[in-house]
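Trainee: Here's a structure for you.
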Amino acid sequence: MFADASSFKRKAYAIATFGTLALSSAFSNSYAAQSVRIGIVYPKTGIYSSLGPMHLNGVTLAIEDHGKVLGQKPELFIRDDGTKVDKAMTAATELITNEKVDVLIGHIHTPINNALATLTDEHKIPFLYPSGGSVFLSGIAKDITYPKGVVKANVHPYMVYTWLDSIQRGYAAIDVAELKGKRWYFIATDYEQGKEAVGFAQKALADKFGDQFKILGETWAKQGEVNYTSAITNAMAAKPDVVFVMLPGQFVQFQKQAAALGLTKAAQIHWSYGERVSATAAGDAAYGVTATVDFTESNPDWKLSSEFAKRFNQRFGDWPGWPATSAYQGTRMLLLAIEKAGSTDRAKIMRALQGLEDPNPITGRPFMIRACDQKSIQPLYTVVWTKSEETPPGTWKILKKYSQPENAVLSCDVKANYQKMPY
């Protein structure tokens with residue numbers, strides 16, 4: 001006897017349902033099995049080539065330390081941009097369109113990172129800016145006037161920024177003044193970040209100390225300039241307590257000339273941010289210089305800092321400094337966000353970054369990403385470059401930790417408030 005029609009319908013439905021579930025499971029397993037694809041654009045060559053390898057080492061060690069991401073080993077796609085905007089854009093476009101990367105990691109140079117942020121916004125790719133110091137990329141939604149100019153509104157909803165900007169370092173200058181004196185001379189490179197660093201430091205110092213804070217003079221160097229005799233001579237004539245220096249890529253030349261001409265004995269030289277590479281290369285001339293950092297391997301209150309430094313040294317043969325440390329911690333935050341999102345869905349990754357806090361950062365606490373500007377809040381240490389047998393030839397020894405790093409940033413009132421944006 002043949003089965004009735006209803007029996008056939010039940011069997012057909014069961015077969016169709018099983019097939020659909022099997023197909024769905026296959027697609028799901030296939031998706032889960034895909035590795036996270038990470039694109040990296042960095043300066044292997046060009047004016048920042050001396051910092052490029054350390055930056056890349058920080059990124060790669062963070063990925064190695066994290067291990068599998070979403071259950072799979074991530075794939076890395078690395079490109080050199082020669083520290084040139086056009087080359088960086090070509091490399092990033094190729095990574096996005098051909099390699100189909102899920103996220104992109106940038107590097108040090110502000111103009112390059114701003115161009116990459118514009119590109120990744122267009123393609124809706126999460127973009128990490130881990131190592132530059134410009135307020136311009138900190139989620140500004142309204143033009144901000146400061147003593148040396150105006151920071152223009154610059155909104156990038158797919159970018160997260162995880163290092164110290166000029167405002168944070170400006171607030172940290174307050175601790176330097178309390179330790180070393182309030183009569184300052186400023187020497188900086190004549191470009192946007194140089195102006196930002198000087199301007200926001202001057203504003204923070206004036207707001208804190210009023211008439212007690214004195215600006216004794218300024219010297220503005222051309223980009224690429226290597227002879228600082230005139231700047232040093234003018235600074236010495238002014239007899240300041242502190243000489244504030246913001247010369248990216250040229251700290252070594254300046255410091256050696258300052259020592260030769262006697263400035264290191266006449267005043268406290270303070271670098272806007274600490275470069276271990278430059279302090280090491282400057283030799284004896286660098287000992288005694290102060291700087292602002294968010295990481296030092298000799299942090300007595302946070303053992304994870306020294307543990308990371310030893311691990312980095314064993315892996316690469318060098319002791320880490322900026323930008324290795326900033327690249328490491330920024331990459332760590334990006335990976336934590338992907339895990340929190342539970343997928344490579346781009347909108348979910350950006351939402352996961354907003355308000356994300358790392359309980360175990362290499363910097364010490366706090367380390368978190370504000371939701372309103374996708375900008376990091378982290379420790380601010382005033383440090384002095386000191387000889388060290390443990391991490392030769394030296395270490396950034398902590399003199400003071402800024403007491404309220406969460407207040408050393410612009411108000412969310414002038415920020416993009418990304419958490420309210422649709423993705």
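Trainee: Looking only at segment 78-129, count how many residues are under 16 Å from Tyr48 (Cβ atoms), in a helix (DSSP H, G or I) and modelled with pLDDT of 95 or more.
Mentor: Start the filter on segment 78-129 by keeping residues that are under 16 Å from Tyr48 (Cβ atoms), which leaves 78-88, 91, 105-116, 129.
Keeping just the survivors that are in a helix (DSSP H, G or I) gives 85-88, 91, 110-116.
Of the ones still in play, those that are also modelled with pLDDT of 95 or more are 85-88, 91, 112-116.
Residues flagged as under 16 Å from Tyr48 (Cβ atoms), in a helix (DSSP H, G or I) and modelled with pLDDT of 95 or more within segment 78-129 amount to 10.
Trainee: Which of (1) within 30 Å of Ala281 (Cβ to Cβ); (2) under 18 Å from the mean Cα position of the chain (by Cα); (3) not assigned by TED's automatic domain parsing to the domain that holds Gln72 is the odd one out, the single condition Pro393 does not satisfy?
Mentor: So Pro393 meets the others, but not (2).
Trainee: Taking the stated definitions as given, is Asp190 surrounded by fewer than 22 Cβ atoms within 10 Å (Cβ to Cβ) and assigned by TED's automatic domain parsing to the domain that holds Ser272? Spell out how you get there, then give the answer.
Mentor: Working: surrounded by fewer than 22 Cβ atoms within 10 Å (Cβ to Cβ): yes; assigned by TED's automatic domain parsing to the domain that holds Ser272: yes.
Answer is yes for this residue.
Trainee: State whether one or more residues within segment 105-126 are within 16 Å of Lys203 (Cβ to Cβ), assigned by TED's automatic domain parsing to the domain that holds Gln34 and surrounded by fewer than 19 Cβ atoms within 10 Å (Cβ to Cβ). Before the answer, list the steps.
Mentor: Applying the first criterion (within 16 Å of Lys203 (Cβ to Cβ)) to segment 105-126 yields none.
Within segment 105-126 (the criterion being within 16 Å of Lys203 (Cβ to Cβ), assigned by TED's automatic domain parsing to the domain that holds Gln34 and surrounded by fewer than 19 Cβ atoms within 10 Å (Cβ to Cβ)), the answer is no, since none of the residues qualifies.
Trainee: Do you know which of the residues in segment 248-260 that are surrounded by fewer than 24 Cβ atoms within 10 Å (Cβ to Cβ) and at pLDDT 95 or above is nearest to Lys222 (Cα to Cα)?
Mentor: Initially, segment 248-260 is screened for residues surrounded by fewer than 24 Cβ atoms within 10 Å (Cβ to Cβ), giving 249-250, 252-253, 256-257, 259-260.
Right, trim to at pLDDT 95 or above and you get 252-253, 256-257, 259-260.
Working: Val252: 16, Gln253: 14, Lys256: 18, Gln257: 17, Ala259: 21, Ala260: 21 Å.
Looking at the filtered set, the residue picked out is Gln253.
Trainee: Follow-up question, since we're still on this one. What number of residues in segment 175-223 are basic (Lys, Arg), assigned to a loop (DSSP other than H, G, I, E, B) and within 23 Å of Pro405 (Cβ to Cβ)?
Mentor: Let us first name the residues in segment 175-223 that are basic (Lys, Arg), namely 180, 182-183, 195, 203, 208, 214, 222.
Within this subset, residues satisfying the condition of being assigned to a loop (DSSP other than H, G, I, E, B) are 182, 222.
Then keep just the ones that are within 23 Å of Pro405 (Cβ to Cβ); that gives 182.
Summing the residues that are basic (Lys, Arg), assigned to a loop (DSSP other than H, G, I, E, B) and within 23 Å of Pro405 (Cβ to Cβ) in segment 175-223 gives 1.
Trainee: Considering each residue of segment 82-101, count those that are within 20 Å of the chain's Cα centre (by Cα) and crowded, with 22+ Cβ neighbours inside 10 Å, and give that number.
Mentor: Counting residues in segment 82-101 that are within 20 Å of the chain's Cα centre (by Cα) and crowded, with 22+ Cβ neighbours inside 10 Å gives 3.
The values are calculated or read from the model by the stated rules, or taken from the named source; none is laboratory data. Please read these numbers as outputs of a predicted model, since none were measured by experiment. Ideal geometry is used to build each Cβ from the backbone, glycine not excepted, and the neighbour counts take in all protein chains shown.
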